[in-house]
1. Can you give me the relative contact order of the chain as a percent, contacts being Cα pairs under 8 Å and 6 or more apart?
2. Rounded if a/c is under 1.5, else prolate if a/b beats b/c, else oblate: with a ≥ b ≥ c from the C-alpha gyration tensor eigenvalues square-rooted, which is the chain?
3. Which value in nm describes the separation of the simple spin-label points at residue 94 and residue 71, placed 7 Å from the Cα toward the beta carbon?
4. By its C-alpha gyration tensor, with a ≥ b ≥ c as the square roots of the eigenvalues, how is region 47-101 shaped: rounded for a/c under 1.5, else prolate for a/b larger than b/c, else oblate?
5. Using a Gaussian network model on the chain with a 10 Å cutoff between Cα atoms, which of 65, 13, 52 fluctuates the most?
6. Bin by bin, in steps of 10 Å, what percent of the Cα pairs in region 77-168 do you find, going until the bin that has the longest distance?
7. Rounded to the nearest 500, what is the 222 nm mean residue ellipticity of the chain from helices alone, with -39500 (n - 2.57) per DSSP H run of 4+ residues and division by all residues?
8. Run the numbers on region 1-53 and let me know its relative contact order in percent, using alpha-carbon pairs under 8 Å that are six or more apart.
Ligand code: CO
């Protein structure tokens, strides 16, 4: 059974470190970590989660495949996009504003500039090398998650930050 993992928050040193490339994708601890990350992301109503957020400094992130329709995937918790050792291969010339929050920065959201489209290379959880072109919200999420793997939080890039005054 997958486990709900505790999420570390702003101020924890692991969130500021560059996470390490994963060499042993097929190992049992890495596969278990991926299952637990997917479970934790959906339980916490996130649309993305990076391994350093659960204090595991590996270059692994899980995302909702279509973050504009998260409910469609919530019933099937095995449906997640798993990116291992992701890198941005190409991106659009233009950036656009992205309204972001983060499970590691509760109560705060902000506007960050992100490339409108990205093409990434990564390994899936079976160790297969893949490419993906993303735009809209998925492209923004991927950039937010890759930043986590590089030790960067959205609040460090944001031009405008807002605090939630009540639960929305
Ligand atoms: Co985040």
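Derivation of every value follows stated rules applied to the coordinates shown; laboratory data play no part. This structure is a prediction, so every number in the text was calculated from the model and none was measured. Because the Cβ atoms are built from the backbone with ideal geometry, glycine has one as well, and the counts that use them run over all protein chains shown.
1. Relative contact order of the chain: 25 percent.
2. It is rounded, given that a/c, with a ≥ b ≥ c, falls under 1.5.
3. Label at residue 94, label at residue 71, 3.1 nm between them.
4. oblate
5. Of 65, 13, 52, the most mobile in the Gaussian network model is 13.
6. Values per bin, smallest distances first: 15, 44, 31, 9, 0.
7. -7000 deg cm²/dmol
8. RCO, region 1-53: 52 percent.
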